[in-house]
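Every number in this text was worked out from the coordinates using simple rules, so none of it is lab data. Computed from a predicted model, the values in this text were never measured in an experiment. Here Cβ is always computed from backbone atoms with ideal geometry, including for glycine, and neighbour counts include all displayed protein chains.
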Ligand SMILES: *[C@@H]1O[C@H](CO)[C@@H](O)[C@H](O)[C@H]1NC(C)=O
């Protein structure tokens, strides 16, 4: 009996060691996956590569980028935003190509004064042209724990998700003459910077520098996409740790369309496609057809 119990215990221990190794492998590692872009000592990798913090003070913000460039993929990042009075600060998680006529897919998190809600700002640039803003409030406090923000980018559509709930879709409408990002590889970028000239309540509320440094934490970066091979236009290996290729064709089924409709009804606070005053000559083409 004793030896059987011992055998069982050591077997379970082995299983749990294997399981924690796999979990660590799935989570990725910031030392391997990213490089700092600016901010000197304000960029920190902690916990053996599992946690990354960016901070902002009156001299500078900070940021990083993925080492790989991708042409399509699913990109997940967990963020814990600046607690308390974060007015004037902007944290980002976005994809961007480089150079003229760039493509970009943005998540930006606009801070607020104490007790006032964060705003999630999204935008899509194609061939250098943006102006496709949609803004949301959140159904949770994004400063007390980590939440997952994801961008799915495939040839048919771009989907923005929060904790795996779709909040926005940008469909490929090239057939209607709307440019779609599909030829330029993009990197993942994250940053924390000051934008108190516009970010909070239209720029009326400024950053309180007596509270600096401001800090945002990043965790569990997962890029499940097509990695660009330097010097080649082809997509090389799919750099996928968990080998889940669902993003390649991911869309919205009936349930997904219901969820996004519900989120947009309750939490969308700005939609360029409803801003008639901004487009006196008529809405952009992509606003004219069904949203999902
Ligand atoms: C900040 O809070 C105000 C008041 O609740 C709200 O109108 C605004 O959308 C919030 N977000 C930003 C970024 O100003």
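A simple spin-label model places pseudo-atoms 7 Å from Cα toward Cβ; at residue 59 and residue 261 they are separated by 5.4 nm.
Once fully extended, how much extra length lies between residue 175 and residue 277, figured as 0.36 nm per residue of separation less the alpha-carbon to alpha-carbon distance?
Working: separation 102, 0.36 × 102 = 36.72 nm, distance 2.70 nm.
Length gained between residue 175 and residue 277: 34.0 nm.
Computing FRET efficiency as 1/(1 + (r/R0)^6) for residue 40 and residue 210, where r is the C-beta to C-beta distance and R0 is 22 Å, gives about 0.50.
Applying 1/(1 + (r/R0)^6) with R0 = 25 Å to the Cβ-Cβ distance of residue 289 and residue 164 gives a FRET efficiency near 0.45. If I fit a long axis through the Cα atoms of helix 2-27 and take the longest principal axis of the Cα atoms of the chain, what angle between them do I get, 0 to 90°, rounded to 10? Taking the Cα atoms of the chain, the angle to 2-27 is about 30 degrees.
Using just its DSSP H runs of length 4 or more, each adding -39500 (n - 2.57), the chain gives a mean residue ellipticity at 222 nm of -5000 deg cm²/dmol after division by all residues.
Using the Cβ-Cβ distance between residue 182 and residue 116 with R0 set to 41 Å, the FRET efficiency from 1/(1 + (r/R0)^6) comes to roughly 0.60. So, in Å, what gap is there between the alpha-carbon centers of the stretch 117-172 and the stretch 47-73? With the stretch 117-172 and the stretch 47-73 each reduced to a Cα centre, they are spaced 18 Å. Between residue 127 and residue 31, the contour length at 0.36 nm per residue exceeds the alpha carbon distance by 31.4 nm. Extension gain, residue 249-residue 146: 0.36 nm per intervening residue step, less the Cα-Cα distance, totals 34.3 nm.
Here the chain yields Rg over Rh of 1.01, to two decimals, using C-alpha coordinates and the Kirkwood radius.
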